[in-house]
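These notes concern the structure reproduced below.
The values are calculated or read from the model by the stated rules, or taken from the named source; none is laboratory data. All of these numbers come straight from a predicted model, not from anything done at the bench. Because the Cβ atoms are built from the backbone with ideal geometry, glycine has one as well, and the counts that use them run over all protein chains shown.
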Amino acid sequence: MIRFRGASVVYGGGVHALNDLNLDIDDGEFVVVVGLSGAGKSTLVRAINGLVPLTSGSLEVNGVNVPSLGTRQLRNLRAGIGMIFQGFNLVNRTSVLNNVLMGRLHRVPTWRTLVGWYPPVDREFAMRSLERVEIVDKAYVRASNLSGGQRQRVGIARALAQEPKIILADEPVASLDPPTSHVVMRYLQQINRELGITTIVNLHFLDLATAYADRIIGLRGGTLVFDGSGADADADVFENIYGRSLTADDTMAKAASGL
Amino acid sequence: MRATSGEPATATVNVRPTRPRLGWFGPAVTAGLVAFTVVTIWDWNYGTGFSIREIFSVIGQKNPVIEAIGETDFGQLVSPRSRKKFVETLRLAVLGTVSGSAVALPLALISTRIGAPNRAARIAARTISNVVRALPDIVWAMLFVAAVGSGALPGLLALFLFTIAVVTKLTADTLDGIDTGPVEAAKASGARHAQMLRAAQVPQILPAYASYVLYAFELNLRSSAVLGIVGAGGIGERLENFRQFQQWDRLWAIVVMFIVVVFVVDRLSTLLRRKLG
């Protein structure tokens, strides 16, 4: 359960990234957040795991009030929240397995990670996470030798290795081509349905959003302007979210064909 | 955003700019450097007393040191005392490099903006590294000889500090340029600070760090020749000894031996570093 109440984030320089947000997300939901770049999508997602602190208001995640957490409690919270990034954020110079093991850091004693000696249980869990995104054959390959789509699957495996209750995906397919984007989105959907992990995905292509979202949240200038099912989100709704008429660049299929 | 239709979007963009005028900074610095050099060389009251004529007159003179090159006493290469000191030099270089590098890695990690657990730790790490670097290794060696007496120990301490200085500086500079994505990923996964450093930063700089350690070893091997001159152990003691007794033939043997060892180590180290690339 994620509950925003009057949540605002103001960055230095007076930019209102999030404006008096009230939002409830239930366990097991698959939510897609849409909006133009700068609309506050990233801020919303990063507020949930405390990477971006709220300026005012409250935010409850799984029963704990995020703004009041100390360093250690914040780490505990983050351990239960997997995160997937636009730029994958893998360590390119090390193996896929080592990257996925990063998702186990919270459960492994510090001295073991310092000498690089992870317990067999954790290595096994990392392997199983790789199996779920069907890339376990690359376990000992350097991350730099993978394609973009493969890297993002490793990113998903790393998040899964945390055994999370929530997965946050910040523009997970923005660096990928359309077919690969669909592969990655399908893995996220499958993980949500089979493991019941609450999944929140930022997207800016509206055809991708409607194809995968159970629920769409629209942000404009940090303010919530739409909250409804994927089926309810038609062209008018998106024009309202974007604050302008739609162009070919707003859908992945058309943007790709126009290249 | 797209341009509205009917308006040629590139009209104001596709114009060649005028070539920017040359700034004053580059020419001014060049002129300053030239003037500084001329003033330094010039033979006046505050000059260096440098004269080209003197160089030529010195070259023409007979010189016992130079003449001894032809009589190099290669017997020194197998003399037990010289050999012992040579082994000591190698040991000093290895021990100094290994111990210094071991301290340098964590020190470098906490001396960067993204790697420091807090401001105080970063300032402390930077200060240690700056203070150590301020003095050349030979001065550290003199201070340690004064403090703990002559022998290999002050030499080892000097090389230890010198290695910390070199490797910390180079590694920290490399750390400043790493990809911060994995750092964010580690933080988002609830990792502790030390774990983040180990899992997200160390793998990124490990090849560079290994290369710096080898480089420090090359430097330390050379330094250990100088250390003996101030009584801090190693082959330098033999060099200094032969110099005092003007045994130039023997001195040259040590020099030859040293050149050979440094050359071999340099080649090996360069090969290894290239592999690390």
Has the range A:102-110 got at least one residue that is more than 7 Å from every other protein chain (Cβ to nearest Cβ), within 20 Å of the chain's Cα centre (by Cα) and surrounded by 14 or more Cβ atoms within 10 Å (Cβ to Cβ)?
-> yes
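Quick one: which of A:167, A:156 is β-branched (Val, Ile, Thr), outside any helix (DSSP H, G or I) and within 14 Å of another protein chain (Cβ to nearest Cβ)? Give the steps one after another, and end with the answer.
On the way: A:156 fails: outside any helix (DSSP H, G or I).
Result: A:167 is the single residue among A:167, A:156 that is β-branched (Val, Ile, Thr), outside any helix (DSSP H, G or I) and within 14 Å of another protein chain (Cβ to nearest Cβ).
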Residue identified as closer than 27 Å to residue A:198 by Cβ, among the β-branched types (Val, Ile, Thr) and more than 14 Å from chain B (Cβ to nearest Cβ) among A:173, A:96 = A:173
Strands (runs of 3 or more DSSP E) contained in the range A:11-101 and holding at least 3 residues closer than 21 Å to residue B:198 by Cα = A:81-84
How about the range B:228-254: which of its residues are closer than 23 Å to residue B:216 by Cβ and of a type in the set (Val, Ile, Thr)?
-> B:229, B:230, B:235
Looking only at residues in the range A:124-153 that are away from every other protein chain (no Cβ under 14 Å) and basic (Lys, Arg), which one is farthest from residue B:194 (Cα to Cα)?
-> A:132
Counting only residues in the range B:1-46 that are surrounded by 10 or more Cβ atoms within 10 Å (Cβ to Cβ) and either touching a Lys or Arg at 6+ places or on another chain (Cβ under 9 Å) or within 29 Å of residue A:37 (Cβ to Cβ) (or both), the one modelled with the highest pLDDT is identified as B:9
Answer yes or no as to whether residue B:225 is among the small types (Gly, Ala, Ser), more than 30 Å from residue A:42 (Cα to Cα) and touching a helix residue (DSSP H, G or I) at 6+ places or on another chain (Cβ under 6 Å).
-> yes
Please list, ordered by first then second residue, the pairs with beta carbon atoms under 6 Å, 6 or more apart or interchain, first in the range A:1-28 and without any contact (Cβ under 8 Å) to a residue 12 or more places away in the chain, second in a strand (DSSP E or B) and not charged (D, E, K, R).
-> A:11/A:17
Which residue out of A:228, A:243, A:222 is surrounded by 18 or more Cβ atoms within 10 Å (Cβ to Cβ), out of contact with any Pro (no Cβ under 8 Å at 6 or more places or on another chain) and either modelled with pLDDT of 80 or more or away from chain B (no Cβ under 14 Å) (or both)?
-> A:222
May I ask you to say which residue of B:194, B:172, B:188 is within 12 Å of chain A (Cβ to nearest Cβ) and either buried (at least 21 other Cβ atoms within 10 Å of the Cβ) or aromatic (Phe, Trp, Tyr) (or both)?
-> B:188
One residue from A:83, A:127 being buried (at least 22 other Cβ atoms within 10 Å of the Cβ) and at pLDDT 95 or above | A:83
Restricting the first residue to the range A:76-88 and requiring it to be within 12 Å of residue A:61 (Cβ to Cβ), which pairs with a second residue that is part of a strand (DSSP E or B) meet a Cβ separation below 6 Å and a spacing of at least six or different chains?
-> A:81/A:166
Does the range B:157-166 contain at least one residue that is surrounded by 19 or more Cβ atoms within 10 Å (Cβ to Cβ), at the interface with chain A (Cβ under 10 Å from one of its Cβ atoms) and under 22 Å from residue B:98 (Cα atoms)?
-> no
Filter result (exposed (fewer than 11 other Cβ atoms within 10 Å of the Cβ) and not in a helix (DSSP H, G or I)) within the range B:48-104 | B:48, B:49, B:61, B:62
